[in-house]
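**Q** Would you mind keeping the following structure in view while I ask a few things?
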């Protein structure tokens, strides 16, 4: 596994050497398609290697169907790889491409549910929730059920749940799809704040704009991760 030490920014501008907070090595994954006896095996990932360091923002790009979302699901444990290893330190915050929300719960109730699952105190959850509402501008929907929210507000809630516990590693799959320009700018403000706090952020998209916002970009091509 690639465990090459990385130099990262420390307190008061000091420099420190640290191991990657996320290391992916040799991940393979194939799907079977069709009906027996003519089922075919489609290889999606063919030995992907990827590392993520504290205080780093990395873009993961690739064409639709290239395996980006499959890799994310493997990293968070929602999908088993055929081969390879994933090593991570600390909690991961995951924002899936399609919001995973409970239609009958309000935004407030979603945060309460996730805060309990994360083991947060009620006071810590409320403070974090208030900061997320303010940062993304959807506090007026705090008591609105998820099935009554617009697609853009559902995307804000989906992102907010990943941010709630301020995890050391954030995995964001197409996080700004459906955002207007103002929310898009607010999103990058949140990312910059987390990078400054030593958090690691992996952002998945089928294309990348504003490349200067990333420390580096990795492309999924032919089932492998290729530095761009």
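The values are calculated or read from the model by the stated rules, or taken from the named source; none is laboratory data. All figures in this text were calculated on a predicted structure; none of them were measured in a lab. Because the Cβ atoms are built from the backbone with ideal geometry, glycine has one as well, and the counts that use them run over all protein chains shown.
**Q** With respect to the numbered conditions (1) at pLDDT 95 or above; (2) touching a strand residue (DSSP E or B) at 6+ places or on another chain (Cβ under 7 Å); (3) surrounded by 15 or more Cβ atoms within 10 Å (Cβ to Cβ), which one is the sole condition not fulfilled by residue 76?
**A** Among (1) at pLDDT 95 or above; (2) touching a strand residue (DSSP E or B) at 6+ places or on another chain (Cβ under 7 Å); (3) surrounded by 15 or more Cβ atoms within 10 Å (Cβ to Cβ), residue 76 violates only (1).
**Q** Between a residue in the range 199-228 that is over 17 Å from residue 69 (Cβ atoms) and any residue that is assigned to a strand (DSSP E or B) and modelled with pLDDT under 85, which pairs come within a Cβ distance under 7 Å, given they are 6 or more apart or on different chains?
**A** 216/227
**Q** Taking only the range 85-103 into account, find how many residues are touching a strand residue (DSSP E or B) at 6+ places or on another chain (Cβ under 6 Å) and assigned to a loop (DSSP other than H, G, I, E, B). Spell out the reasoning first.
**A** Here is the first cut: in the range 85-103, the ones touching a strand residue (DSSP E or B) at 6+ places or on another chain (Cβ under 6 Å) are 85-88, 92-97.
Now restrict to residues that are assigned to a loop (DSSP other than H, G, I, E, B): 96-97.
Total satisfying the criteria: 2.
**Q** Still on this structure, I have one more. Please find, among 54, 81, the residue that is touching a strand residue (DSSP E or B) at 6+ places or on another chain (Cβ under 9 Å), farther than 24 Å from residue 31 by Cβ, touching a residue at least 40 places away in the same chain (Cβ under 8 Å) and surrounded by 13 or more Cβ atoms within 10 Å (Cβ to Cβ). Walk me through it before giving the result.
**A** On the way: 81 fails: farther than 24 Å from residue 31 by Cβ.
So the residue among 54, 81 that is touching a strand residue (DSSP E or B) at 6+ places or on another chain (Cβ under 9 Å), farther than 24 Å from residue 31 by Cβ, touching a residue at least 40 places away in the same chain (Cβ under 8 Å) and surrounded by 13 or more Cβ atoms within 10 Å (Cβ to Cβ) is 54.
The rows are residues; the columns are (1) within 26 Å of residue 88 (Cα to Cα); (2) crowded, with 17+ Cβ neighbours inside 10 Å; (3) out of contact with any helix residue (DSSP H, G or I) (no Cβ under 7 Å at 6 or more places or on another chain).
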{"position": "107", "(1), (2), (3)": "no, yes, no"}
{"position": "127", "(1), (2), (3)": "no, no, yes"}
{"position": "130", "(1), (2), (3)": "no, no, yes"}
{"position": "142", "(1), (2), (3)": "no, no, no"}
{"position": "153", "(1), (2), (3)": "no, yes, no"}
{"position": "175", "(1), (2), (3)": "yes, yes, no"}
{"position": "184", "(1), (2), (3)": "no, no, yes"}
{"position": "198", "(1), (2), (3)": "yes, yes, yes"}
{"position": "208", "(1), (2), (3)": "yes, no, yes"}
